[in-house]
Amino acid sequence: MSYAPPPPGTTEVGKPTPGDVPKQAVEIRDLPPEARRNFLMAMVFFPTLVGASICLVLFLGWWLLRDAKSPERYVAELRAGVNDGSRRTRWAVARELAENISDKRLHTPEILGALLELVEKPELDEEVEPWSPSTMIRNEDEKQPRLRWYAAYFAGHLAGILDDKHGTEVLLKALEETQAGDPRSAAGMRYYAAAGLGLAKHAAAVPGLQKHLLDDPDAGVRAICAKSLGAIGEFLYFREGAAPGDPENLEALREALRRAFQKDKDVDVGYNAAIALARLRDETGRAALESLAQSEDAQHQRMAKQALALIEKK
């Protein structure tokens, strides 16, 4: 269709078209060529060009001014708080390190050593997470994060990459931590130490993890011990290229997980033990996993189905 203006005398300059005057359904292609060109330039091309130019300037500024932090700087900042009492520095670098932990430049013995130094200083538990919006809505009975928890987790990650046995020794010591005055803080330390040991995947961690799987007073710690034992056992005995392990040790590991699955009354411990057993090609927890696979939680479904698939590789 072509554009047709309202009839003469039905409109006034500077005022809206009256409601009783028929309006034309006009599309941009119905406008004259020069009107279309001006509209596109003013409303599409020019704003797009301006926005792209701003983005380009910002990107070039970031690219020219960015200062990639070196491993040595991370080490210095991790240790600076220990030396001068700067709490903000330690928390800031811990968070930044967590965000960049996949950067291979940071996988150094020096950074691992600095993290282990934090793990070995219980007095740092006085330094809780600084204020953030999440602290306003956190329940008072929730565990307040500690800097050493961060350090234990990422120390385990680096110890696994670097195959550092000393890191496992430090985390095993942290796994035995108890604090009568603050049991929640001690349980949190044991939890993240166990998680770190699961990432390090050293056989030396198995006895300590088995012990806490069966008798730790905190259910969360028992659950993470089950998960870590499954990760270590699968790495030692079932990964591609793994050296043949001692069948007796594998069976002892399975037996500890079976006991936890069958006797622990905590649901999370039971499910984690069932998944860990599946990773060791043991179908003791098959029924529980089949039930978990019907869960409405998508993540639980995925974990259960993956575990059941491992059992089939038996």
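The values are calculated or read from the model by the stated rules, or taken from the named source; none is laboratory data. Computed from a predicted model, the values in this text were never measured in an experiment. So basically every Cβ, Gly included, is an ideal-geometry build from the backbone, and we count neighbours across all protein chains shown.
Tally the residues that are surrounded by 15 or more Cβ atoms within 10 Å (Cβ to Cβ), within 18 Å of Arg146 (Cα to Cα) and without any contact (Cβ under 8 Å) to a residue 40 or more places away in the chain, restricting the search to the stretch 97-120. The total comes to 1.
The set of residues from the stretch 78-113 being part of a loop (DSSP other than H, G, I, E, B) and either touching a Cys at 6+ places or on another chain (Cβ under 7 Å) or at pLDDT 80 or above (or both) comprises Asn100, Ile101, Ser102, Asp103, His107, Thr108.
Hey, any hits in the stretch 185-196 for a residue that's over 25 Å from Glu96 (Cβ atoms), outside the structural domain of Arg254 (by TED's automatic domain parsing), of a type outside the set (D, E, K, R) and part of a helix (DSSP H, G or I)? Within the stretch 185-196, one or more residues are over 25 Å from Glu96 (Cβ atoms), outside the structural domain of Arg254 (by TED's automatic domain parsing), of a type outside the set (D, E, K, R) and part of a helix (DSSP H, G or I).
Taking (1) polar (S, T, N, Q); (2) assigned to a helix (DSSP H, G or I); (3) surrounded by 15 or more Cβ atoms within 10 Å (Cβ to Cβ) in turn, Thr284 satisfies each apart from (2). Checked against (1) part of a helix (DSSP H, G or I); (2) surrounded by fewer than 16 Cβ atoms within 10 Å (Cβ to Cβ), Gly241 meets all criteria but (1). Checking each residue in the stretch 40-77 for being more than 30 Å from Leu124 (Cβ to Cβ), modelled with pLDDT under 70 and of a type outside the set (Lys, Arg) picks out Trp62, Trp63, Leu64, Leu65. Determine which member of the set Glu177, Glu169 is surrounded by fewer than 19 Cβ atoms within 10 Å (Cβ to Cβ) and either assigned by TED's automatic domain parsing to the domain that holds Glu251 or not in a helix (DSSP H, G or I) (or both). Just one listed residue meets the conditions, Glu177.
For the stretch 253-269, the set of residues classified as in contact (Cβ under 8 Å) with a residue 40 or more places away in the chain and farther than 12 Å from Gly230 by Cβ consists of Arg259, Asp264, Asp266, Asp268, Val269, listed by residue number. Kindly indicate whether Gln306 is farther than 19 Å from Leu209 by Cα and either touching a Ser or Thr at 6+ places or on another chain (Cβ under 6 Å) or in a loop (DSSP other than H, G, I, E, B) (or both). Here the answer is no, as Gln306 does not meet what is asked.
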